[in-house]
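Worksheet: the structure to be examined is printed underneath.
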Amino acid sequence: MGQTTFGVLLVVVCALLEGVAQVLLKKSVLRAVRRYLWISFGVLILLIQKLIYSEALLFIDVGAAYVISSLNMIAITFMSRCLLREKVTRMRWIGVCLIFIGVGLVAARA
Amino acid sequence: MRKNFPTRLAAGLLVAILLDTVLQIVWKSAVLSLPSDGSPWLNLQAILHNPRFLFLILLMAWQFFNWLMVLGDADLSYAQPLTSLSYVSVFCLSVFYFKEAADLIRIAGILFVLAGVWFISQTDHITHSKEREA
């Protein structure tokens, strides 16, 4: 496996981990019960994600990392709908997709 | 459609975007200052002795508590995409402060991000518990 491929894989893992961590943090503000447990798990996953991201930046350019990281927006929107039962309307999905395309265009020239 | 947008949420989102902008810049410069052939242990030692990483940790802590406040006032699927406005702030910073070229592709990207943020801002910022249970 090439260094770039390895870096890309690390950033994809980071994007998914961030999705999971954000859902746990949102759970912590939704429920008074086990609030600190949700926060602790969320922080733990975020710390692991930050360490992996730091490692990934040694293998790929920050611009490319930025584009791939923005996959977390799609993951977070999907997880918010399924795990948090948020009302994700078509308008919100359009917004997320436009942002994803926009980030891709900006970072392609970074 | 959007109504009664809380000032505290607007302030929280603004701080989140500003902190994200600064974090991205400081993080990259801090990572580049690490020894290129260092082992994880040497990197950890370098991190603990590098003031940029300590500043980074302070910024992350501030970002974290601000983010919890934002999540208390808004849906995750609403607040998180809005923080992508940091792409716009980084772009403006690079063009107006660092005098980098602003080509058409990047400008188109920024317009896409702004359009996306506009679409999301037109939705309700929070799902009420009754809707959540439905």
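What follows is calculated from the coordinates using simple rules that are stated; it is not laboratory data. Just so we're clear, the structure is a prediction, and the values are computed from it rather than from any experiment. Note that each Cβ is placed from the backbone with ideal geometry, even for glycine, and that neighbours are counted across all protein chains shown.
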Condition set at the interface with chain B (Cβ under 9 Å from one of its Cβ atoms) and touching a residue at least 24 places away in the same chain (Cβ under 8 Å), scope region A:66-77, selection farthest from the chain's Cα centre (by Cα): answer is A:TYR66
Residue hits (region B:74-109; charged (D, E, K, R) and at the interface with another protein chain (Cβ under 9 Å from one of its Cβ atoms)) are B:ASP75, B:ASP103, B:ARG106
Scanning region B:92-111 residue by residue, those outside any loop (DSSP other than H, G, I, E, B) and either surrounded by fewer than 16 Cβ atoms within 10 Å (Cβ to Cβ) or touching a residue at least 40 places away in the same chain (Cβ under 8 Å) (or both) turn out to be B:CYS92, B:LEU93, B:VAL95, B:PHE96, B:TYR97, B:LEU104, B:ILE105, B:ILE107, B:ALA108, B:LEU111
Those residues of region B:75-109 which are closer than 30 Å to A:LEU84 by Cα and among the hydrophobic types (A, V, I, L, M, F, W, C) amount to B:LEU76, B:ALA79, B:LEU82, B:LEU85, B:VAL88
message = Any residue that is loosely packed, with under 15 Cβ neighbours inside 10 Å, of a type in the set (A, V, I, L, M) and either within 30 Å of B:LEU111 (Cα to Cα) or more than 10 Å from chain A (Cβ to nearest Cβ) (or both) - is there at least one of those in region B:45-55?
response = yes
Counting only residues that are part of a helix (DSSP H, G or I), of a type in the set (S, T, N, Q) and within 10 Å of the chain's Cα centre (by Cα), region B:69-86 contains a total of 2
Selection from region A:80-110 of residues farther than 22 Å from A:GLY7 by Cβ, in contact (Cβ under 8 Å) with a residue 24 or more places away in the chain and at the interface with another protein chain (Cβ under 8 Å from one of its Cβ atoms) yields A:SER80, A:LEU84, A:ILE99
Note on region B:112-134: residues loosely packed, with under 15 Cβ neighbours inside 10 Å, within 8 Å of another protein chain (Cβ to nearest Cβ) and assigned to a helix (DSSP H, G or I) are B:TRP118, B:GLU131, B:ARG132, B:GLU133
Taking region A:39-56 and keeping only residues that are within 11 Å of chain B (Cβ to nearest Cβ), out of contact with any Gly (no Cβ under 8 Å at 6 or more places or on another chain) and either of a type in the set (Asp, Glu) or surrounded by 19 or more Cβ atoms within 10 Å (Cβ to Cβ) (or both), one is left with A:GLY42, A:LEU46, A:TYR53, A:SER54, A:GLU55
